[in-house]
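Student: Could you have a look at this structure, given as structure tokens, before my questions?
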Amino acid sequence: MHHLVPRARGGNHGPTAWLCPTCHRQVHAMFSVTTLAEELYSVELLRANPRVASFLRWMRKQRGTTFQVRRSRERN
């Protein structure tokens, strides 16, 4: 479960979205808590983000693979 407003920014009881574990780790690896709270606070905004959209396109092509997520060098 992904808190759309990060818990560190007061989102303990706010809206959430179900993400697979890999997608959830990737979202947190790509973006800081501040960016998630201020710019990507809904499922629609997450899907519309070019970096997330690119990852989702790639992810849909994968079959039965185990993933290791690393923090992005371009994390913002």
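The values are calculated or read from the model by the stated rules, or taken from the named source; none is laboratory data. All figures in this text were calculated on a predicted structure; none of them were measured in a lab. Here the Cβ positions follow ideal geometry from the backbone for every residue, glycine too, while neighbour counts run over all protein chains shown. These accessible areas exclude ligands, DNA and RNA; they are computed on the full protein's heavy atoms, side chains included. Shrake-Rupley method; radii C 1.70, N 1.55, O 1.52, S 1.80 Å.
Student: Output the residues belonging to the range 14-43 that are under 15 Å from Leu4 (Cβ atoms) and open to solvent by 100 Å² or more (accessible area, probe 1.4 Å).
Tutor: Trp18, Glu38, Glu39, Tyr41
Student: Pull up the range 62-76, narrow it to residues that are within 15 Å of Cys20 (Cα to Cα) and exposed (fewer than 12 other Cβ atoms within 10 Å of the Cβ), then point me to the one that is modelled with the highest pLDDT.
Tutor: Only one residue tops the list, namely Gln62.
Student: Now for a different question. Applying the selection to the range 1-13, what residues are part of a loop (DSSP other than H, G, I, E, B), out of contact with any strand residue (DSSP E or B) (no Cβ under 8 Å at 6 or more places or on another chain) and open to solvent by 60 Å² or more (accessible area, probe 1.4 Å)? Break it down stepwise before answering.
Tutor: Residues of the range 1-13 that are part of a loop (DSSP other than H, G, I, E, B), as a first pass: 1, 4-6, 10-13.
Then drop every residue that is not out of contact with any strand residue (DSSP E or B) (no Cβ under 8 Å at 6 or more places or on another chain), which leaves 5-6, 10, 13.
Those that are part of a loop (DSSP other than H, G, I, E, B), out of contact with any strand residue (DSSP E or B) (no Cβ under 8 Å at 6 or more places or on another chain) and open to solvent by 60 Å² or more (accessible area, probe 1.4 Å): Gly10, His13.
Student: Same structure again: Which of the residues belonging to the range 44-58 are surrounded by 12 or more Cβ atoms within 10 Å (Cβ to Cβ) and outside any loop (DSSP other than H, G, I, E, B)?
Tutor: Leu45, Leu46, Arg51, Val52, Ala53, Phe55, Leu56
Student: Being within 17 Å of Ala53 (Cα to Cα) and outside any loop (DSSP other than H, G, I, E, B) is the filter; apply it to the range 26-43 and report the residue that is nearest to the chain's Cα centre (by Cα).
Tutor: Val27
Student: What number of residues in the range 14-25 are at pLDDT 85 or above and assigned to a loop (DSSP other than H, G, I, E, B)?
Tutor: Selection size over the range 14-25: 4.
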